[in-house]
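Notes follow the structure.
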Amino acid sequence: MIKVGISSCLLGNPVRYDGGHRNNRFCKESLSQFFQFVSLCPEVGIGLPTPRKTIRLVGDVDSPRAVLSDGGDEDFTTELRQFAESHKKTLESLSGYILCKASPSCGMERVKVYNDSGQAEKKGMGIFAARLQTLLPHLPLEEDGRLNDPLIRDSFIKRVFIYNEWKSLQDSGRDDSEIGSESGKNGQGLTTRKLHEFHARHKFTLLAHNQPIYRKVGPLLASVNKQNIDAISEEYITLLMLGLKKVATRKNNTNVLMHLQGYLKDKLSAEDKAELTQCIHDYRDGLQPILGVLTLLKHHFRKFPEPYIDNQSFLAPYPKDLAIRVDTH
């Protein structure tokens, strides 16, 4: 199973300042069937008791400090950062992380940061979360509250599955034909061929999420060779994760669906072709769910197999049992 980090309180563990939790049913009951959750609580991890005095962020929103909310002298900033660093090996084994909303340690965005006058701006990031992002900039991060948005949830789950595949690609062993060839420092099994194959598998998914980044990636990969594969692959995964963070749109999905239809233009009867075209147009106009179009496409591709399309993650980005793919705006 794919390893995903999670704030311990979201699994129902009573580790919050008040001795309570923030049990997230979607994570605990649905995602846990596909992900092996690795739970951490930085505040408890640095030795704070449960229950405990609350902490808050103060100072500069870009580099805040974590202190006691009652004005005490204790500063936990360094300890919370070091907690992430001391667990770096564990964090490196993860393919995603679900953080607790608004937490001064784990909040991903819009965390309150108080200035000297006691006024708060919702512009901060939790100390542990910020250090996690610095240590592992490509790791897919999301907050529990944002996962209530089905489009954000869809984007996050896709990133987790694709990033896990990327990690496996880097960790894979070289076959005999690749020994002494272009495998680079970035991964024992990462070659120019495998990099192109990986992108080919996910290019339509990226197109559905972010066309500008999709257009950047093509020329980037065209320049890859055995000398620059480390640098190119680093830039590639940075762009891919950034592109997939943007939610897919109905317009972009329609574009991809029409691309896929093109692979069937010489194989379908006039009647089937018209039906598929109408189905795509109905989806574009909001009259048809995307799952209906995908089901029809898969039906035709079963009759007329196309290896390149069969390998596309767009058609099945995650297990259908997750049932989280939704229609886009």
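Bear in mind that the values in this text are calculations on the coordinates, not laboratory data. What you are looking at is a predicted structure, and each value in this text was computed from that prediction instead of being measured. Note that each Cβ is placed from the backbone with ideal geometry, even for glycine, and that neighbours are counted across all protein chains shown.
Placing +1 on the Cβ of each Lys and Arg and -1 on the Cβ of each Asp and Glu in the chain, which of ALA270, GLY286, PRO317 has its Cα farthest towards the positive end of the resulting dipole?
Towards the positive end, the residue furthest out is ALA270.
Given R₀ = 35 Å, what would the calculated FRET efficiency be for ASN311 paired with LYS251, taking r from the Cβ atoms and rounding to 0.05?
0.90
For LYS265, go through the aspartates and glutamates and keep the ones whose alpha-carbon is under 18 Å away, minus same-chain ones fewer than eight residues off.
GLU275, GLU306, ASP310
Between GLN211 and ASP282, what FRET efficiency comes out of the Förster formula 1/(1 + (r/R0)^6) with R0 = 30 Å and r the beta carbon distance, rounded to 0.05?
FRET efficiency, ASP282 to GLN211: 0.85.
Give the whole-number value, in cubic angstrom per residue, of the convex hull volume spanned by the C-alpha atoms of the stretch 2-148.
It is 99 Å³ per residue.
Over the stretch 1-136, what relative contact order in percent results from Cα pairs under 8 Å that are six or more residues apart?
Across the stretch 1-136, relative contact order equals 24 percent.
Among ILE46, ALA84, SER69, which residue has its Cα furthest toward the positive end of the charge dipole of the stretch 36-168, with +1 on Lys/Arg Cβ and -1 on Asp/Glu Cβ?
Among ILE46, ALA84, SER69, the one farthest towards the positive end of the dipole of the stretch 36-168 is ALA84.
At 7 Å along the Cα-to-beta-carbon direction for both THR295 and SER269, put a label point, then send me their distance in nm to one decimal.
In this crude label model, THR295 to SER269 measures out at 2.1 nm.
Can you list the lysines whose alpha carbon sits under 19 Å from that of LYS88, skipping same-chain ones fewer than 8 residues off?
Within the straight-line limit of under 19 Å, LYS88 reaches these lysines: LYS3, LYS167.
Calculate the FRET efficiency for SER168 and GLN227 from the Cβ-Cβ distance with a Förster distance of 25 Å, rounded to the nearest 0.05.
Values: r = 25 Å, r/R0 = 0.98.
E(calc), rounded to 0.05, equals 0.55.
If you rank TYR97, TYR318 by fewest surrounding Cβ atoms within 10 Å, what's the result?
Result, fewest neighbours first: TYR318, TYR97.
Please report the antiparallel percentage of the DSSP beta bridges confined to the chain, to the nearest 5.
40
Taking only the Cα atoms of the stretch 150-329, how large is their convex hull per residue, in Å³? Show your work: numbers first, answer last.
Details: hull volume 22.2 nm³, N = 180.
Given the Cα convex hull of the stretch 150-329, per-residue volume reads 124 Å³.
Taking every DSSP beta bridge with both residues inside the stretch 1-110, roughly what % is antiparallel (nearest 5)? Spell out each step's value before the answer.
Values: 5 of 13 bridges.
Given both bridge residues lie in the stretch 1-110, the antiparallel proportion sits at roughly 40 percent.
Suppose a student asked you for the relative contact order of the chain, using Cα pairs under 8 Å spaced at least 6 residues apart; what percent would you report? Let's see the in-between values first.
Numbers: 507 pairs, mean separation 42.6, N = 329.
It rounds to 13 percent for the chain.
Among the listed pairs LYS251/LYS273; LYS158/LYS273; LYS226/LYS298, give every one whose C-alpha distance is greater than 32 Å.
From the list (LYS251/LYS273; LYS158/LYS273; LYS226/LYS298), the Cα-Cα distance tops 32 Å for LYS226/LYS298.
For the stretch 61-121, what is Rg from Cα atoms divided by 2.2 N^0.38 Å, rounded to two decimals?
Taking N as the residue count of the stretch 61-121, the ratio is 1.29.
Can you compute the charge dipole magnitude of the chain about its Cα centre, using +1 on each Lys and Arg Cβ and -1 on each Asp and Glu Cβ, nothing else charged? Give it in debye, rounded to the nearest 20.
On the way: 45 positive and 40 negative charges, 101 e Å.
Using Cβ point charges on Lys, Arg, Asp and Glu, the chain gives about 480 debye.
For VAL217, VAL61, VAL15, what ranking results if the residue with the fewest other Cβ atoms within 10 Å of its Cβ goes first?
VAL61, VAL217, VAL15
Arrange the following residues from fewest to most other Cβ atoms within 10 Å of their Cβ: CYS100, CYS27, CYS106.
Working: CYS100 27, CYS27 20, CYS106 30.
In order of increasing Cβ crowding within 10 Å: CYS27, CYS100, CYS106.
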